[in-house]
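Enquirer: Let me give you the structure first, and then I'll get to my questions.
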Amino acid sequence: MEACCRYCGFCKQLDRAAVVLLAKMKTVENDMEQKRTATLDLGNGSLPLEFPIMAGSMGPEVVDIRSLHARSGVFTYDPGYFSTASCSSKITFIDGDAGILLYRGYPIEQLARQCDFMEVCYLLMNGELPTSDQKMSFDNTIKEHTMVHEQLARFYTGFRRDAHPMAVMVGVVGALSAFYHDAMDISDAAQRELSAFRLVAKLPTITAMAYKYNIGQPFIYPHNNLNYAENFLHMMFATPAEEYKSNPVLARALDRILILHADHEQNASTSTVRLSGSSGANPFACISAGIACLWGPAHGGANEACLNMLEEIGDVSRIGEYIKRAKDKNDSFKLMGFGHRVYKNFDPRAKLMRETCHEVLNELGLQNDPLFKLAMELEKIALEDEYFISRKLYPNVDFYSGIVQRALGIPVSMFTAIFAMARTVGWIAQWSEMISDPEYKIGRPRQLYTGAATRDVVTIALRK
Ligand code: SDX
């Protein structure tokens, strides 16, 4: 705006009119974009229905069918949610064909190589990577919450010593809601954040306690002078009888495993957490539900199942027999650690996990680890087999994670518990994203009913 017009005011009005006109043109342009619709003709003589097509910042567009039932009386049908977007989210993006995984826009390869797990937790929870000051303050906040209530420790004694750690985790994490009544108002952002801090901070303590209980050793308290991964290894492997020093290479490997497992869009356990949270359930109960879902061998339980499978195969000479079984429709056996609902190309996490495998095995002088060699041979054979190629079955994050964890001295039964510990930050970030959206509603899917039509009860004496 010219200096002369500072006082006349006329140009100022012109200026303002131009701004308004530009804004209107932008709205029309956006409207044009938003007006793209999908047409559905139900073939029953009713008028075709138009549904808006929505575009995200990346990835597939969606057809907004929220009004379908109200306008037509029909539901969509999508068991297993092969073609259903359950929500909009800014947290994680996956392109399964391109093998891309982004946390808040950052490629997993860069995060795994340049950041530590606390930076990634901050990123997932806040949307941006922390500055050094923000990271220090976040680290300190998490460290303030690493201990658990002494009464909580007594819950473990209710379990058999040989209880699966995941059974213990489901119970103990759910029980946290019995201890934190001071921060269960989920409508209060500060209380949601406090619960998120508590969960991220306490999961390593609870997970390590499950292991110590299982082997009959005393619980080890967290040490706040250690970083997240070092603290976990310390609580897992230290004993009161001697000084424990964690190997920095192994601690860094565990830190990377945690980063790779931190979040993964709307997978089964994350969807479980969201659905549980949509009823207003407290965050501890929701995370406990997520742990229960993750336990399944088709999901997070695959890493434990994969290592058990490798041990069962035992030798390269037996790989063919198991590949044959995996292809046999009459055999329920699946190649654990292979295949993925979304990745139809390499799971980028599997590549990073294999790299971590090499690093850890080299550090430990286990380059010739027979199980790792067996896994690499199995991967090679499977990737050359038409059955796997045609179905786009590649190794997923679980294929190598078991070998790395075993090399770190972590027992197989703890693998999925560590997956749950890592995924807790993703679950709670997704839960917070949903709860902080004032538009969220309770999730209530419908069904295609194929049962008996209406009929009358016959009294028992007359039933045949
Ligand atoms: C995780 O969703 C996520 O993001 C999960 C996860 C995360 O970070 O949260 O990435 C973590 O859960 C990884 C996946 C871990 N699970 C496993 O490794 C278990 C083995 N994988 C399979 O159970 C299976 O691949 C799934 C469950 C992972 C995916 O199954 P889908 O998408 O439902 O596909 P499908 O079962 O319909 O398989 C398609 C075809 C079928 O053959 P056809 O009927 O076409 O002849 O591929 C076959 C399947 O039989 N198949 C396999 C196989 N996986 C799929 N055959 C042998 N071995 C396998 N592993």
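The values are calculated or read from the model by the stated rules, or taken from the named source; none is laboratory data. Remember, it's a predicted structure, so these values are computed and weren't measured experimentally. Don't worry about glycine lacking a Cβ; one is built from the backbone with ideal geometry, like all the others, and counts go over all protein chains shown. These accessible areas exclude ligands, DNA and RNA; they are computed on the full protein's heavy atoms, side chains included. Shrake-Rupley method; radii C 1.70, N 1.55, O 1.52, S 1.80 Å.
Enquirer: Might you report the magnitude of the Cβ-based charge dipole of the chain about its Cα centre, with Lys and Arg at +1 and Asp and Glu at -1, to the nearest 20 debye?
Expert: 1200
Enquirer: Can you run phi through the Karplus equation (6.51, -1.76, 1.60; θ = phi - 60°) for the stretch 354-369 and list ³J(HN,Hα) in whole Hz, with x for Gly and Pro?
Expert: Along the stretch 354-369, the couplings run 5, 4, 5, 3, 4, 4, 5, 5, 5, 4, 9, x, 10, 3, 9, 3 Hz.
Enquirer: Length gain on complete extension for the stretch residue 249 to residue 329, per 0.36 nm per residue less the alpha carbon to alpha carbon distance?
Expert: Computed gain between residue 249 and residue 329 is 24.5 nm.
Enquirer: Please give the FRET efficiency for residue 376 paired with residue 128, using the beta carbon to beta carbon distance and R0 = 56 Å, rounded to the nearest 0.05.
Expert: After rounding, the FRET efficiency stands at 0.90.
Enquirer: Pop a pseudo-label 7 angstrom from the Cα along the beta-carbon direction at both residue 459 and residue 362 and give the gap in nm to one decimal.
Expert: With each label point 7 Å from Cα toward Cβ, the separation is 8.3 nm.
Enquirer: In terms of Cα to Cα distance under 17 Å, which aspartates and glutamates are near enough to residue 90, apart from those fewer than 8 places away along the same chain?
Expert: Reachable aspartates and glutamates: 61, 128, 263, 265, 433, 437, 439.
Enquirer: Loop only by DSSP, 13 or fewer other Cβ within 10 Å of the Cβ. Give me the chymotrypsin sites (Phe, Trp or Tyr not before Pro) in the stretch 52-118 that pass, ordered by residue number.
Expert: Of the chymotrypsin sites (Phe, Trp or Tyr not before Pro), the ones in loops of the stretch 52-118 whose Cβ has at most 13 other Cβ atoms within 10 Å are 75, 77, 81, 82.
Enquirer: Could you pull out every residue, at least 5 positions away or on a different chain, whose amide H is within less than 5 Å of the one on residue 296? Hs are placed 1.01 Å off N in the peptide plane, and Pro or chain starts have none.
Expert: Residues meeting the criterion, in which the H sits 1.01 Å from N, are 301.
Enquirer: Please state the relative contact order of the stretch 96-437 as a whole percent: Cα pairs under 8 Å, 6+ residues apart?
Expert: Rounded, it is 25 percent for the stretch 96-437.
Enquirer: Moving on. How large is the convex hull of the C-alpha atoms of the stretch 274-341 per residue, in Å³?
Expert: Here the figure is 99 Å³ per residue.
Enquirer: May I ask you to compute the full-extension gain from residue 77 to residue 50, defined as 0.36 nm times their residue separation minus their alpha-carbon distance, rounded to one decimal in nm?
Expert: 7.9 nm
Enquirer: Give me the one-decimal nm value for the distance between modelled label points at residue 191 and residue 137, 7 Å along each residue's Cα-to-Cβ direction.
Expert: About 2.4 nm separates the two model spin labels.
Enquirer: To continue, here is another question. So how do 35-46, 392-403 stack up, highest first, on mean other-Cβ count within 10 Å?
Expert: Ranking the peptides 35-46, 392-403 by packing returns 392-403, 35-46.
Enquirer: Starting at the first residue of the stretch 246-263, write each ³J(HN,Hα) from the Karplus equation 6.51 cos²θ - 1.76 cosθ + 1.60 with θ = phi - 60°, in whole Hz, x for Gly and Pro.
Expert: 7, 6, x, 5, 6, 5, 5, 5, 5, 4, 5, 4, 5, 4, 5, 9, 5, 7
Enquirer: Rounded if a/c is under 1.5, else prolate if a/b is larger than b/c, else oblate: which is the stretch 231-322, with a ≥ b ≥ c the root eigenvalues of its Cα gyration tensor?
Expert: Oblate is the answer for the stretch 231-322, as a/c is 1.5 or above yet b/c matches or exceeds a/b.
Enquirer: For an R0 of 41 angstrom, estimate the FRET efficiency from the Cβ-Cβ distance between residue 114 and residue 41 and round to the nearest 0.05.
Expert: According to the calculation, E is roughly 0.20.
Enquirer: Once you have all Cα-Cα distances for the chain, histogram them in 10 Å bins from zero and send the whole-percent values.
Expert: That works out to 4, 17, 25, 23, 15, 9, 5, 2, 0, 0, 0, in percent per bin.
Enquirer: Of all GluC sites (Glu not before Pro) in the stretch 123-159, which ones are in loop regions per DSSP and have a Cβ with at most 14 other Cβ atoms within 10 Å?
Expert: Sparse-neighbourhood loop GluC sites (Glu not before Pro): 128, 144.
Enquirer: My understanding is that a pair violates if its Cα-Cα distance is over 26 Å; which of 202/441; 212/351; 143/212 do that in this structure?
Expert: 202/441; 212/351
Enquirer: For the pair residue 440/residue 151, report the inter-label distance in nm, with labels modelled 7 Å from Cα in the Cβ direction.
Expert: If labels sit at residue 440 and residue 151, their model points lie 2.8 nm apart.
Enquirer: Could you give each residue of the stretch 103-108 its phi-based ³J(HN,Hα) in whole Hz, using Karplus coefficients 6.51, -1.76, 1.60 with θ = phi - 60°, and x for Gly or Pro?
Expert: 9, 6, x, 8, x, 4
Enquirer: In square angstrom, what is the accessible area per residue of the chain with a 1.4 angstrom probe?
Expert: With all protein chains present, the chain gives 53 Å² per residue.
Enquirer: A further question follows. Counting Lys and Arg as +1 and Asp and Glu as -1, what is the net charge of the other residues whose Cβ lies under 12 Å from the Cβ of residue 312?
Expert: Its environment carries a net charge of -1.
Enquirer: Separate question: Need the list of aspartates and glutamates near residue 329 for cross-linking: C-alpha distance under 17 angstrom, and skip anything on the same chain fewer than eight residues off.
Expert: 321, 385, 386
Enquirer: List the residues, sorted by chain then number, that are 5 or more residues from residue 278 or on another chain and whose placed amide H is less than 5 Å from its amide H.
Expert: 443
Enquirer: A further question follows. Compute the helix-to-body angle for 228-237: its Cα long axis versus the longest principal axis of the chain, expressed 0 to 90° and rounded to tens.
Expert: It is inclined by approximately 30 degrees.
Enquirer: I need the Debye-formula profile for the stretch 258-404: one equal scatterer per C-alpha, no solvent, reported as log10 I(q)/I(0) at q = 0.10, 0.13 1/Å, two decimals.
Expert: -0.39, -0.63
Enquirer: Looking at the stretch 208-297, which trypsin sites (Lys or Arg not before Pro) are DSSP coil and have at most 16 other C-beta atoms within 10 Å of their C-beta?
Expert: Answer in residue order: 245.
Enquirer: May I ask you to give the percent of accessible area on the chain that is carbon plus sulfur, with a probe radius of 1.4 Å?
Expert: 55
Enquirer: Based on the Cβ-Cβ distance of residue 163 and residue 308, what FRET efficiency does E = 1/(1 + (r/R0)^6) give at R0 = 25 Å, to the nearest 0.05?
Expert: So, using R0 = 25 Å, E works out to roughly 0.90.
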